[in-house]
Each structure stands twice: as structure tokens, then as C-alpha cells.
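Asks: Here it is, the structure in full.
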Amino acid sequence: MGSINPLFGRSALIVEDEPLIALELHDALRASGASILAATTIKDALHLIAYAQICAAIVDVNLGDQDCSSVCAALARQSIPFMFYTGCSTAPSLTVWAGAPAVDKPAPSGKIVDTITRLVQPNTASVINRDDEIRRI
């Protein structure tokens with residue numbers, strides 16, 4: 001993205017129930033300057049969305065045996081941009097929230113940081129599709 005710390009001053013929510021994946025995301029976002037909030041359950045994610053300052057979120061489609069739809073709805077109500085980071089590329093949530101970028105696991109950390117950075121850039125009206133093509137809307 002051109003900046004060493006493109007997420008400096010921004011807060012990101014990671015909603016991921018796999019500890020190693022969450023740690024990898026945490027490290028990548030932290031290295032890019034972001035403050036990190038993390039949730040491993042839908043209940044915790046909804047609490048953070050309601051009460052914390054969040055600039056963007058990374059959401060796993062499946063959290064344990066639950067679907068992330070309630071988390072996505074809460075983020076949308078708060079106008080918080082989010083992306084999916086998932087190993088389940090056919091999940092219904094990806095269709096319901098088709099405007100949210102989706103990155104398939106595993107992915108290089110730079111791809112995650114670039115995607116989140118695009119979401120929080122001011123005056124950027126773009127959607128990133130599953131092939132990383134940017135379409136202006």
C-alpha cells in the first residue's frame with residue numbers, strides 16, 4: 001500500500017476461533033500499526049462491536065458450530081467495514097454479504113493487510129471481489 005504502517009491509528013477487530021490463525025492476523029495487523037481487538041465467540045464479538053471503537057473487522061465465516069451472520073449484521077448496523085477470512089468459500093454468508101471482500105485461507109499476511117487497508121481508506125468506494133479485482137462503485 002505504500003506506507004510502512006498503513007493502519008496506524010486504526011483499530012481492527014479479529015473474529016477468529018482458531019488460535020494460530022488469530023495470532024497470525026494479530027501479528028500482521030499490529031506490524032501495520034493497528035490496535036487489535038479479538039473475539040473467539042459470537043457473543044464476545046457482538047459485545048466488542050457494541051462497545052468498542054472499531055475501524056474494520058476480519059471475520060471467519062464459521063465460529064465453532066455457529067455462522068457469523070449476526071456478527072456481520074451488527075458490523076453493518078454500525079457501518080463498520082469488514083472482510084471475510086475463511087476456508088469455507090461456499091458459505092451462505094459470503095453470498096448474503098457479497099459486498100464484503102473475502103480472502104481464502106491460507107493467505108499471505110500482506111494480502112490481509114492490503115484488504116483491510118482498502119476498507120478503511122477515506123473516500124474509497126470500492127469492492128474487492130474474490131479474485132482481488134477492484135471495481136469502482
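The values are calculated or read from the model by the stated rules, or taken from the named source; none is laboratory data. From a predicted model like this one, the values you see are computed outputs, not experimental measurements. Counting neighbours? That spans all protein chains shown, and the Cβs are built from the backbone with ideal geometry, glycine included.
Conditions tested, residue by residue: (1) in contact with a strand residue (DSSP E or B) (Cβ under 8 Å, 6 or more places away or on another chain); (2) buried (at least 17 other Cβ atoms within 10 Å of the Cβ); (3) without any contact (Cβ under 8 Å) to a residue 24 or more places away in the chain; (4) small (Gly, Ala, Ser).
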| site | (1), (2), (3), (4) |
| --- | --- |
| Ala39 | yes, yes, no, yes |
| Lys43 | no, no, yes, no |
| Gln53 | yes, no, no, no |
| Ile58 | yes, yes, no, no |
| Val61 | yes, yes, no, no |
| Ser70 | no, no, no, yes |
| Leu75 | yes, yes, no, no |
| Gln78 | no, no, no, no |
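Asks: Turning to a different aspect of this structure: Since Ala57 meets every condition but one in (1) modelled with pLDDT under 95; (2) small (Gly, Ala, Ser); (3) within 16 Å of Leu119 (Cα to Cα), which condition does it not meet?
Replies: It fails just one condition, (1).
Asks: Of all residues in the range 5-30, count the ones that are surrounded by fewer than 21 Cβ atoms within 10 Å (Cβ to Cβ), touching a residue at least 24 places away in the same chain (Cβ under 8 Å) and either within 17 Å of Cys68 (Cα to Cα) or out of contact with any helix residue (DSSP H, G or I) (no Cβ under 7 Å at 6 or more places or on another chain) (or both).
Replies: 8
Asks: Consider Lys111 carefully, then state whether it is touching a residue at least 24 places away in the same chain (Cβ under 8 Å) and either among the charged types (D, E, K, R) or surrounded by fewer than 12 Cβ atoms within 10 Å (Cβ to Cβ) (or both).
Replies: Taking the combined requirement at face value, the residue does not satisfy it.
Asks: While we're here: Just to verify a result, which residue in the range 20-38, among those that are over 12 Å from the mean Cα position of the chain (by Cα) and small (Gly, Ala, Ser), is farthest from Leu119 (Cα to Cα)?
Replies: Filtering first and then ranking leaves Ala31.
Asks: Please indicate, with yes or no, whether at least one residue in the range 40-55 is in a strand (DSSP E or B) and under 19 Å from Thr86 (Cβ atoms).
Replies: No, the range 40-55 contains no residue that is in a strand (DSSP E or B) and under 19 Å from Thr86 (Cβ atoms).
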